[in-house]
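This report refers to the structure that appears directly beneath it.
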Amino acid sequence: MTRVRAGALVAWTSAWLAGEAASDEVLRATVGDDAPHHVEGLGDGSAPLSEALITWRRTGGTVRLVLPVAGDVRGLPGPAEFRSGALDAGEAAYGGGLGLVPDVMERHPSSAPTAVTWHAFQVDPPPPDPLSVPDAQHELTEAIRDAASALAAAEVARWIDDVTDALADARRAGERLNLPPGFPSPAVRLVAQAERMQAVLDVAALDPTGGAIDRTGIAARTDALRPLATAVRRARLAGYNAASE
C-alpha cells in the first residue's frame, strides 16, 4: 500500500506539540521500518529529523499535511520550489514557515531499509483549504458508492474476482493505522476507510485493464476510479490533519 510518511509525521507531531506524545514517538512512527530519516536544507549538511521538530516547536503554530496532484493543489503553499517538490513527491508537511518534502529511495536488495531524506523549504502562509472530517467522510462515502455503480454498469467490476487475495489484504489496511493515542475517533475511522480504499486502488493499478475487453471498457473503468482516488486523497488529508485543526 502507498505509505504517506508525511501523514504520520503530521499526526504525531501535532500530538507532540499538544503535549500528548514524546518526540521519540514521533520519530518512531514516522520512520517505521526505514533507515533513520534525515533533513537537508535546515542548515549546513544533513540533520536528523528531530531538528525539524525542534524548529516547528520554536516557530509555533500547527503542522499540516498536503497531498497535491497535478490539477489539484488546494492548500499547498508557495514558494514554487516547495510546490514543485511536493507535487513530485505527492506529499509534504508544513508549519511555522517550514515545509518538508520526502525523497524516498527504495534500496536493493529489498531487505535493505528504505532511505528517506526530507528536503526543507521556507514556505509562505498557506492558502485556505477548509475540509472538515464530516465533509470528507461524506465525499468518500458517495465516491465509493458511485464508483461501484459505475463499474457494475460498465461491466468491468469482474476484475475483482481475479485479485481476491490482494483485496483481502487491502481490507486489512485500515487495521494498520499509524496514529497517536487520543486521536479524534471520527478522524481515525475516516483514515481507516481511506487507507483501505487506497489499498484497493493500488491493487487496481496493478492491472490497468481490469475486466475491460476494449478501449471503451478501459476508459469507463478509469473514469469510475478517478473520482474515488480524489475522495480518498482528500479523506487522508482531512483525517491526518484533524488534530491540527
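Can you name the residue in the range 138-162 that is of a type outside the set (Ser, Thr, Tyr) and at pLDDT 85 or above and is also nearest to the chain's Cα centre (by Cα) among such residues?
Applying the filter and picking the extreme gives LEU140.
Pull out all pairs, ordered by first then second residue, where Cβ-Cβ is under 7 Å, the residues are six or more apart or on different chains, the first lies in the range 182-205 and is within 13 Å of GLY7 (Cβ to Cβ), and the second is surrounded by 20 or more Cβ atoms within 10 Å (Cβ to Cβ) and among the polar types (S, T, N, Q).
Taking only residues 6 or more apart or on different chains, the pairs are LEU190/GLN137.
Just give me the residues in the range 43-65 being more than 23 Å from GLY239 (Cα to Cα), open to solvent by 60 Å² or more (accessible area, probe 1.4 Å) and either of a type in the set (Gly, Ala, Ser) or touching a helix residue (DSSP H, G or I) at 6+ places or on another chain (Cβ under 6 Å) (or both), in sequence order.
Scanning the range 43-65 gives a single hit, SER46.
Let me spell it out: the conditions are (1) open to solvent by 50 Å² or more (accessible area, probe 1.4 Å); (2) under 18 Å from THR114 (Cβ atoms), and HIS37 meets all of them except one. Which number is the exception?
(1)
Condition first: part of a helix (DSSP H, G or I), loosely packed, with under 13 Cβ neighbours inside 10 Å and modelled with pLDDT under 90. Can you find one or more residues in the range 181-191 that meet it?
Within the range 181-191, none of the residues are part of a helix (DSSP H, G or I), loosely packed, with under 13 Cβ neighbours inside 10 Å and modelled with pLDDT under 90.
Here are some conditions: (1) without any contact (Cβ under 8 Å) to a residue 60 or more places away in the chain; (2) within 22 Å of ALA112 (Cα to Cα); (3) not aromatic (Phe, Trp, Tyr). LEU49 meets all but one. Which one does it not meet?
(1)
Please find, within the range 23-34, the residue that is surrounded by the fewest Cβ atoms within 10 Å (Cβ to Cβ) out of those that are free of Cβ contacts under 8 Å to residues at least 40 places away in the same chain and out of contact with any Ser or Thr (no Cβ under 8 Å at 6 or more places or on another chain).
Result: ASP24.
Determine, yes or no, whether ASP72 is open to solvent by 10 Å² or more (accessible area, probe 1.4 Å) and under 21 Å from GLY239 (Cα atoms).
The answer is yes for ASP72.
For residues that are assigned to a loop (DSSP other than H, G, I, E, B) and of a type in the set (A, V, I, L, M), tally how many sit in the range 106-142.
Total satisfying the criteria: 3.
The values are calculated or read from the model by the stated rules, or taken from the named source; none is laboratory data. Because the structure is a prediction, the values reported are computed rather than measured. All Cβ positions, even for glycine, are placed from backbone atoms using ideal geometry, and neighbour counts span all protein chains on display. Areas reflect the complete protein model, heavy atoms only, side chains present, ligands, DNA and RNA absent. Shrake-Rupley method; radii C 1.70, N 1.55, O 1.52, S 1.80 Å.
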